[in-house]
Amino acid sequence: MITQLETNSNVQPIHHHTPSRHEPNQIPYTASHNYEPVIPKAGQPTLITIQINKNQTEKRIKKFDLVHEKLMHVIIVSEDLSYFSHIHPIFDDNEGKFTVFHQFPATGKYKIWVDFKPKNGNQTLVTFKLDNMIGNAYKPTYITKGRQFIKQVDKDHKVKLIIPKEIKSNKVINIEFVILDQNSKPITNLTPLMGAGDHSVIINSNLKEFLHVHPNEEVSSSWKGGPAITFSTVFPYPGLYKVWGQFQHQNEVVTADFVLEVT
């Protein structure tokens with residue numbers, strides 16, 4: 001079960017392998033966070049500190065279970081979904097605090113999702129908002145319906161997205177990434193990224209729906225895969241969504257993003 005925890009924002013559903021929505025019976029945790037400097041400056045490193053406490057006793061939690069080989073996953077996106085980062089804080093088990101330096105590329109508003117699992121507890125998703133930054137004014141460019149489904153994502157990789165002709169909400173949808181080299185030849189030596197062939201994050205245009213999905217195929221540490229990676233998910237509502245797929249090739253993380261329209 002995955003508990004949803006609200007912290008200064010709406011809490012979103014999180015999905016793994018088999019899509020499902022979970023409603024918490026009670027909230028067993030509280031989360032606090034701070035930035036240093038208190039008001040982050042665009043283009044400069046910001047120290048993010050996150051602390052998880054037991055709700056009833058306020059006792060700081062110091063033991064966590066791994067979730068896809070990490071104690072905590074942090075997803076950061078800008079309000080217009082033009083910026084995406086998937087990072088992993090360092091845990092100090094003496095202090096019971098997670099810390100990570102992050103450089104926000106521009107001013108504007110950001111939303112941050114934090115995914116963790118206290119030892120023997122429920123996997124939990126927390127959201128924070130960052131609305132105040134120092135730097136030059138930033139004008140958001142909001143997403144529009146996607147029309148390009150093959151992209152050169154870096155100098156060595158192209159990624160093609162294969163989707164149904166129509167993506168309907170509340171239906172199980174199969175989505176396939178095809179990873180190619182710069183000459184459009186299939187790549188067949190992908191290696192596991194945090195224990196999976198792919199990590200995909202899907203967020204809708206108003207930042208209220210969050211889906212974290214992985215391929216249908218389970219992989220071992222010796223897995224070599226590609227070019228096709230397929231996952232299944234359910235889009236809860238109609239609208240525009242942005243999907244980021246992340247893969248590992250030759251020890252480098254390849255990230256591709258596409259905009260999908262759901263009816």
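The values are calculated or read from the model by the stated rules, or taken from the named source; none is laboratory data. Worth saying up front: this structure is predicted, and the values here are computed from it rather than measured. Positions of Cβ are backbone-derived with ideal geometry, glycine not excepted, and every protein chain shown enters the neighbour counts.
List of remarks:
- Looking only at the stretch 250-262, and only at residues there that are surrounded by fewer than 19 Cβ atoms within 10 Å (Cβ to Cβ) and in contact with a strand residue (DSSP E or B) (Cβ under 7 Å, 6 or more places away or on another chain), the one that is nearest to Met194 (Cα to Cα): Val253
- Selection within the stretch 175-188 - more than 27 Å from Ser82 (Cβ to Cβ), surrounded by 11 or more Cβ atoms within 10 Å (Cβ to Cβ) and of a type in the set (S, T, N, Q): Thr188
- Pro192 without any contact (Cβ under 8 Å) to a residue 24 or more places away in the chain and of a type outside the set (Val, Ile, Thr): no
- Qualifying positions in the stretch 226-243 - in a strand (DSSP E or B) and either among the charged types (D, E, K, R) or under 15 Å from His157 (Cα atoms) (or both): Ala228, Ile229, Lys242
- Filtered residue count, the stretch 107-149, keeping only those that are more than 23 Å from Ile61 (Cα to Cα) and part of a strand (DSSP E or B): 4
- Residue pairs meeting the criteria (Cβ under 8 Å; at least 6 apart or on separate chains; first more than 20 Å from Leu193 (Cα to Cα), in the stretch 88-117; second part of a loop (DSSP other than H, G, I, E, B) and polar (S, T, N, Q)): Gln103/Gln44; Ala106/Asn136; Thr107/Asn136; Lys111/Ser9
- Criterion (assigned by TED's automatic domain parsing to the domain that holds Ile229, surrounded by fewer than 12 Cβ atoms within 10 Å (Cβ to Cβ) and farther than 30 Å from Pro28 by Cα) met by exactly one of Lys155, Lys160: Lys155
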